[in-house]
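Shown next, in structure tokens, is the structure this report addresses.
The values are calculated or read from the model by the stated rules, or taken from the named source; none is laboratory data. Just so you know, these numbers come straight off a predicted model, no measurement behind them. Note that we place each Cβ from the backbone using ideal geometry, even for glycine, and neighbour counts take in every protein chain shown. Accessible surface is based on the protein model in full, side chains and every heavy atom, while ligands, DNA and RNA are left aside. Shrake-Rupley method; radii C 1.70, N 1.55, O 1.52, S 1.80 Å.
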Amino acid sequence: MKGIILAGGKGTRLQPMTAAISKQLLPVYDKPMIYYPVATLMLAGIREILIIVTREQAHNFKTLLGDGSRFGVSIDYVVQDKPNGIPEAFILGQDFIAGERVCLILGDNIFHGPTLGRSLVEIAKKPGATIFAYEVEDPSAYGVVEFSGSKAVGIEEKPAVPKTRFAIPGLYFVGPEVSMRARELLPSPRGETEIIDLLRTYLVEDQLHVIKLPRGTVWLDSGTPKGLHDASTYVRVIEDRQGLKLACLEEVAFLQGWLTEVELLEIATSMGSSDYADYLRKIIS
């Protein structure tokens with residue numbers, strides 16, 4: 001299983017904050033936004049990651065994350081010159097996918113839950129495509145899943161009158177055939193290919209699995225000013241209350257057995273006397 005993070009685009013919903021920097025490099029409380037989707041993939045046991053970036057911001061991402069070895073993973077990058085829809089990620093990443101199953105996560109989506117990592121490890125093994133459903137107050141702002149009993153029977157993109165309150169978060173597990181399916185899609189009236197159209201190709205073949213995220217699991221879209229503020233507040237409250245950091249990539253790698261104590265201490269030392277470095281030292285002790 002490999003992982004792709006879609007972190008291209010212009011971040012227009014966050015202007016003027018994104019006039020000079022990618023939204024995925026903006027802070028969500030004490031870490032860059034991109035740390036959160038990277039952590040989600042790592043918790044799913046994924047160690048080969050491709051990040052899709054804009055040409056202007058590629059250097060900044062590489063400066064922040066490097067080749068991933070600091071976190072016990074391998075990170076590659078590919079440039080997206082123009083955002084042409086979410087399915088384009090599978091076309092740009094075709095060589096990276098190289099016949100394996102892949103998980104795509106949107107770079108502004110944040111997930112947190114007590115059993116999330118274990119669940120994703122099992123979900124990664126399922127054939128076909130697997131997506132998630134999350135009950136929200138305003139489903140008309142998202143792709144929406146329609147159910148008959150526990151079975152998904154329809155999906156719609158931002159319906160004016162949603163049939164359910166279950167939105168589709170930006171986390172998708174698919175097979176190696178996904179690149180071919182993405183190439184066959186036609187652009188929608190807004191000039192981009194749509195992830196909903198890609199998912200429908202699996203639905204009509206009865207190969208689309210939809211899992212309702214359980215209560216206690218949090219999904220946050222940090223791609224708007226309010227969403228960014230809400231996400232930062234959530235992370236701050238959880239970290240202050242529990243004394244544990246969310247999406248600390250070095251910690252995830254250490255707990256997965258991908259970094260040793262010595263390597264973790266070296267990283268902490270290189271970060272000086274910051275709160276983040278102190279937290280890494282506390283993990284070791």
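Whenever a residue of region 247-276 is of a type in the set (A, V, I, L, M, F, W, C), its partners that are in a loop (DSSP other than H, G, I, E, B), lying with C-beta atoms within less than 6 angstrom and at least six residues away or across chains, give the pairs Ala253/Gly72; Ala253/Leu259; Trp258/Gly72; Leu259/Gly72.
Okay, residues lined up against (1) part of a loop (DSSP other than H, G, I, E, B); (2) of a type outside the set (S, T, N, Q); (3) open to solvent by 90 Å² or more (accessible area, probe 1.4 Å); (4) on the phi < 0 side of the Ramachandran plot:
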position	(1), (2), (3), (4)
Ser188	yes, no, no, yes
Thr193	yes, no, no, yes
Glu239	no, yes, no, yes
Ser273	yes, no, yes, yes
Ala277	no, yes, no, yes
Ile283	no, yes, no, yes
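Would you mind stating whether Ile211 is touching a residue at least 60 places away in the same chain (Cβ under 8 Å), within 22 Å of Val102 (Cβ to Cβ), in a strand (DSSP E or B) and among the β-branched types (Val, Ile, Thr)? For Ile211, the condition - touching a residue at least 60 places away in the same chain (Cβ under 8 Å), within 22 Å of Val102 (Cβ to Cβ), in a strand (DSSP E or B) and among the β-branched types (Val, Ile, Thr) - is met. Regarding region 33-50, can at least one residue be identified that is open to solvent by less than 10 Å² (accessible area, probe 1.4 Å), assigned to a strand (DSSP E or B) and of a type in the set (Gly, Ala, Ser)? No.
Taken over region 241-271, residues that are within 14 Å of Tyr35 (Cβ to Cβ), in a helix (DSSP H, G or I) and of a type in the set (D, E, K, R) amount to 2. Of the strands (runs of 3 or more DSSP E) that lie entirely inside region 69-179, those containing 2 or more residues that are within 17 Å of the chain's Cα centre (by Cα) and surrounded by fewer than 17 Cβ atoms within 10 Å (Cβ to Cβ) span 74-79.
Would it be correct to say that Arg215 is surrounded by fewer than 21 Cβ atoms within 10 Å (Cβ to Cβ) and closer than 22 Å to Leu120 by Cβ?
On the way: surrounded by fewer than 21 Cβ atoms within 10 Å (Cβ to Cβ): yes; closer than 22 Å to Leu120 by Cβ: yes.
When the stated conditions are applied, Arg215 passes them.
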